[in-house]
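The values are calculated or read from the model by the stated rules, or taken from the named source; none is laboratory data. Everything numeric in this text was worked out from a predicted model, so none of it was measured. Cβ: placed from backbone, ideal geometry, glycine included. Neighbour counts: every protein chain shown.
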Ligand SMILES: [Zn+2]
């Protein structure tokens, strides 16, 4: 990943096979699966612009927002979140479609 590559959305990170490494003020760290995050935000119809996403990520340990994040090539690790199966994805998508 060169420094000259412009990454604007989560989709751009996915395209470059990256993930989001997040570090909270409380010291909690995790690496978020960018492909899953992209899908989750798209289903929710939330903005996938990285600056916006970064402001909304919430620490699973202390609950605060505004953690530091950066792009990483490390594999995802940390607590499980969001839909775990295709069926769960379908359920979430169907539920959101009707609001
Ligand atoms: Zn925290």
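Before moving on, here are some points about what is shown:
- Each residue in the stretch 59-84 was checked for being in a strand (DSSP E or B), in contact with a strand residue (DSSP E or B) (Cβ under 6 Å, 6 or more places away or on another chain) and within 13 Å of residue 20 (Cβ to Cβ), and 5 of them qualify.
- Looking only at residues of the stretch 47-64 that are within 9 Å of the ligand (Cβ to nearest atom) and more than 11 Å from the chain's Cα centre (by Cα), we find that the one that is surrounded by the fewest Cβ atoms within 10 Å (Cβ to Cβ) is 63.
- If the condition is being part of a loop (DSSP other than H, G, I, E, B) and at pLDDT 95 or above, then the stretch 85-99 contributes only 85.
- Filter result (closer than 15 Å to residue 34 by Cβ and surrounded by 13 or more Cβ atoms within 10 Å (Cβ to Cβ)) within the stretch 65-89: 69, 71, 72, 76, 78, 81, 82
- Looking only at residues in the stretch 15-41 that are over 17 Å from residue 74 (Cα atoms) and exposed (fewer than 15 other Cβ atoms within 10 Å of the Cβ), the one that is nearest to the ligand (Cβ to nearest atom) is 26.
- Residue 27 vs. criteria part of a loop (DSSP other than H, G, I, E, B) and without any contact (Cβ under 8 Å) to a residue 60 or more places away in the chain: yes
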